[in-house]
């Protein structure tokens, strides 16, 4: 179980290295996956963080394709952009059951951040993380990012293992 079941990377070369065309291609996939239809999530509806809208695109789109702490100063991250098609199938795959009890291909755990519970979903190698905020009767896909370094993957694996160890009591 790794990332081979996820869609192929969407490379900028596919549009002749034209950033404007690439951005529109990425946004088209985002709209198809999160606006025109919605991922499934057990017993909750899926919303989107729309504001701030920048250049006509919702905040969730920018969190999937760029990085930075200040919304207005986020910069594109090619590794995030290339994986724009990954959040939807990861959310669709999630089944809220403890990992290993079903055929689910994503590993998941929960963390508290800024006073809210967040689900973190990852493939078995922890090379990519999708963060989904739980807002009670609905969830918001919040951000998604590749883990660049082995120590980041170990950190995520350790958080996953600690969460499930605590669940077992």
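The values are calculated or read from the model by the stated rules, or taken from the named source; none is laboratory data. All values derive from a computational prediction rather than experimental measurement. A quick note on method: Cβ atoms are made from the backbone with ideal geometry, for glycine too, and the neighbour counts reach across all protein chains shown.
Got a sec? Which of 95, 36 is without any contact (Cβ under 8 Å) to a residue 60 or more places away in the chain, more than 13 Å from the chain's Cα centre (by Cα) and over 27 Å from residue 109 (Cα atoms)?
36
Where residues in the stretch 137-161 are touching a residue at least 40 places away in the same chain (Cβ under 8 Å) and surrounded by fewer than 12 Cβ atoms within 10 Å (Cβ to Cβ), which of them is nearest to residue 107 (Cα to Cα)?
Applying the filter and picking the extreme gives 148.
Do we have residue 80 as surrounded by 13 or more Cβ atoms within 10 Å (Cβ to Cβ), farther than 14 Å from residue 24 by Cα and modelled with pLDDT of 95 or more here?
Yes: the conditions hold for residue 80.
Tell me, yes or no, whether the stretch 117-125 has at least one residue that is without any contact (Cβ under 8 Å) to a residue 24 or more places away in the chain, more than 15 Å from residue 145 (Cβ to Cβ) and exposed (fewer than 14 other Cβ atoms within 10 Å of the Cβ).
Within the stretch 117-125, not a single residue is without any contact (Cβ under 8 Å) to a residue 24 or more places away in the chain, more than 15 Å from residue 145 (Cβ to Cβ) and exposed (fewer than 14 other Cβ atoms within 10 Å of the Cβ).
Name the residue that is farthest from residue 86 (Cα to Cα), counting only residues in the stretch 14-33 that are buried (at least 16 other Cβ atoms within 10 Å of the Cβ) and touching a helix residue (DSSP H, G or I) at 6+ places or on another chain (Cβ under 7 Å).
15
What's the number of the only condition in (1) modelled with pLDDT of 95 or more; (2) closer than 23 Å to residue 33 by Cβ; (3) surrounded by 14 or more Cβ atoms within 10 Å (Cβ to Cβ); (4) touching a strand residue (DSSP E or B) at 6+ places or on another chain (Cβ under 7 Å) that residue 74 fails to meet?
With respect to (1) modelled with pLDDT of 95 or more; (2) closer than 23 Å to residue 33 by Cβ; (3) surrounded by 14 or more Cβ atoms within 10 Å (Cβ to Cβ); (4) touching a strand residue (DSSP E or B) at 6+ places or on another chain (Cβ under 7 Å), residue 74 is out only on (1).
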